[in-house]
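Trainee: Attaching a single structure in structure tokens format; questions to follow.
The values are calculated or read from the model by the stated rules, or taken from the named source; none is laboratory data. Every value quoted in this text rests on a predicted model; they were computed, and no experiment measured them. Every residue, glycine among them, receives a Cβ derived from its backbone with ideal geometry; neighbour counts consider all protein chains shown. Protein only, heavy atoms only, side chains kept; ligands, DNA and RNA dropped before computing areas. Shrake-Rupley method; radii C 1.70, N 1.55, O 1.52, S 1.80 Å.
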Amino acid sequence: MTEAQIIDPLILTKERRREIPIVGDPDEITLARVKVYYNTIATLVEKKTQTHGSFLLSNITHEGFGRAFVLTGKLIVVDKILRDVHRLGFPSLEELCVKTEEVVEKAAALIDNTVKSQKPRI
């Protein structure tokens, strides 16, 4: 599978979004798309901060509601409430990159601030 094939489902143009019903149950393919996106964020945070990142999807209901977390150690660096996961996507590749970079930057800043604020233990 190529990178373009992996990214393509996350690009929801206006036409594509119109084809998706407002209310819908997320299927396995949709959940896989959500997992790929948040796993990518965890990986980017890990690369940027040199800390081990992992992600967790919490209790995705049959209606598409739940939460996504990205963790490094004991610190939650991304906490996103999910709604309508069957409609997760971005209007363009550029917006996907911008939004993802914003999330990664905020997570890295949180890690940096947490590390700086910890007092050395003797």
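Trainee: Limited to the stretch 1-26, what total is found for residues that are acidic (Asp, Glu) and touching a residue at least 12 places away in the same chain (Cβ under 8 Å)?
Mentor: Looking only at that region, the number is 1.
Trainee: Within the stretch 95-114, can you find the residues that are loosely packed, with under 13 Cβ neighbours inside 10 Å and among the polar types (S, T, N, Q)?
Mentor: Asn113
Trainee: Of all the helices (runs of 4 or more DSSP H) wholly in the stretch 2-71, which have at least 1 residues that are of a type in the set (A, V, I, L, M, F, W, C)?
Mentor: So the answer is 3-7, 28-49.
Trainee: Further question: Within the stretch 115-122, does at least one residue satisfy the condition of being surrounded by 14 or more Cβ atoms within 10 Å (Cβ to Cβ) and either within 19 Å of Ile6 (Cβ to Cβ) or out of contact with any Gly (no Cβ under 7 Å at 6 or more places or on another chain) (or both)?
Mentor: no
Trainee: While we're looking at this one, here's another question. Does the stretch 27-39 hold any residues that are open to solvent by less than 60 Å² (accessible area, probe 1.4 Å) and out of contact with any strand residue (DSSP E or B) (no Cβ under 9 Å at 6 or more places or on another chain), and which are they?
Mentor: Thr30, Ala32, Arg33 - these are the residues of the stretch 27-39 that are open to solvent by less than 60 Å² (accessible area, probe 1.4 Å) and out of contact with any strand residue (DSSP E or B) (no Cβ under 9 Å at 6 or more places or on another chain).
Trainee: Let me ask something else about it. Do you know which residues across the stretch 72-107 are aliphatic (A, V, I, L, M) and not in a helix (DSSP H, G or I)?
Mentor: Those that are aliphatic (A, V, I, L, M) and not in a helix (DSSP H, G or I): Leu75, Ile76, Val77, Val78, Ile81, Leu82, Leu88.
Trainee: How many of the residues in the stretch 19-64 are charged (D, E, K, R) and farther than 17 Å from Arg83 by Cα? Spell out how you get there, then give the answer.
Mentor: Residues of the stretch 19-64 charged (D, E, K, R): 19, 25, 27-28, 33, 35, 46-48, 63.
Now drop any that are not farther than 17 Å from Arg83 by Cα, which leaves 19, 46-48.
Qualifying residue count for the region: 4.
Trainee: Here's a follow-up. Going through Ile76, Ile7 one at a time, which residue ends up being of a type in the set (Val, Ile, Thr), open to solvent by 30 Å² or more (accessible area, probe 1.4 Å), within 25 Å of Ala108 (Cα to Cα) and touching a Phe, Trp or Tyr at 6+ places or on another chain (Cβ under 6 Å)?
Mentor: The conditions single out Ile76.
Trainee: Among the listed residues Ser92, Ser54, identify the single one that is out of contact with any Cys (no Cβ under 8 Å at 6 or more places or on another chain), open to solvent by 30 Å² or more (accessible area, probe 1.4 Å) and in contact (Cβ under 8 Å) with a residue 24 or more places away in the chain. Before you say what the answer is, go through the steps one by one.
Mentor: Numbers: Ser54 fails: in contact (Cβ under 8 Å) with a residue 24 or more places away in the chain.
The match here is Ser92.
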